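K.L.:
This is the structure I want to talk about, given as structure tokens.
The values are calculated or read from the model by the stated rules, or taken from the named source; none is laboratory data. Quantities reported herein were computed from a predicted structural model and do not represent experimental measurements. Reconstructed Cβ throughout: ideal geometry from the backbone, glycine too, with neighbour counts over all protein chains shown.
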């Protein structure tokens, strides 16, 4: 499988299942309505597991622009591949989110609260304070990327070089547990985007779809789940490089 197709499919599956569980928990008249944060964080961890299993053997299963960024800074992942990985991840996130909307369309239509309609698409802070919201995304992403450095083993080989690409399929279980604990421990403030594509792609879908009563897409907040993860990933890579010398 082409590495970019692997990133696209892996990210789409992750978003389908991850945003799908949010829809199942918050939308009106679903079977999982009001089942709570434990259900959301557990399913998100398993969604990451699914994405990594599928994409890991081919692309390293970044599924997240700041994983790609962090590996480029800290592990020597090729900078030439970075923009194409990110485009594939964003396209996958858009596709997965669109599928969630199509599957749960009747429940979106039955739900009156614009905030609940928006929740399966993009993150939003529990208490809106952009300084502390940014800090939450920085810390959560730092933990994600710093720990990922310790189970990245997949690589792409040519006759001349060996390029580290990230998580092999064996990384699926540990990274699932990692995302689970981040959600349980650190996700209560902002919904733990820790992934710009995971937030931006579905937010674009929310903006574009013809859904009655959906409210606005909160573009004034969108920079937080983009800038925060970028800072967190960069700091994690720098610290890893400092202590691994």
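K.L.:
Part of a helix (DSSP H, G or I) and under 18 Å from the mean Cα position of the chain (by Cα): does that describe residue 86?
P.N.:
Yes.
K.L.:
Test of understanding: among 60, 36, 32, 115, which residue is more than 14 Å from the chain's Cα centre (by Cα), at positive phi and surrounded by fewer than 22 Cβ atoms within 10 Å (Cβ to Cβ)?
P.N.:
Exactly one of 60, 36, 32, 115 is more than 14 Å from the chain's Cα centre (by Cα), at positive phi and surrounded by fewer than 22 Cβ atoms within 10 Å (Cβ to Cβ), namely 36.
K.L.:
Report every pair of residues separated by at least 6 positions or lying on different chains whose Cβ atoms are under 6 Å apart, first residue within the stretch 202-220 and free of Cβ contacts under 8 Å to residues at least 40 places away in the same chain, second assigned to a loop (DSSP other than H, G, I, E, B) and surrounded by 11 or more Cβ atoms within 10 Å (Cβ to Cβ).
P.N.:
Listed pairs, sorted by first residue: 207/217.
K.L.:
Of the residues 13, 5, 17, 46, which is assigned to a helix (DSSP H, G or I) and buried (at least 21 other Cβ atoms within 10 Å of the Cβ)?
P.N.:
The conditions single out 13.
K.L.:
Identify, from the list 41, 68, the residue that is modelled with pLDDT of 95 or more, assigned to a helix (DSSP H, G or I) and touching a strand residue (DSSP E or B) at 6+ places or on another chain (Cβ under 9 Å).
P.N.:
Checking each option against the conditions leaves just 68.
K.L.:
Can you name the number of the only condition in (1) buried (at least 16 other Cβ atoms within 10 Å of the Cβ); (2) touching a helix residue (DSSP H, G or I) at 6+ places or on another chain (Cβ under 7 Å); (3) at pLDDT 95 or above that residue 130 fails?
P.N.:
Condition (1) is where residue 130 drops out.
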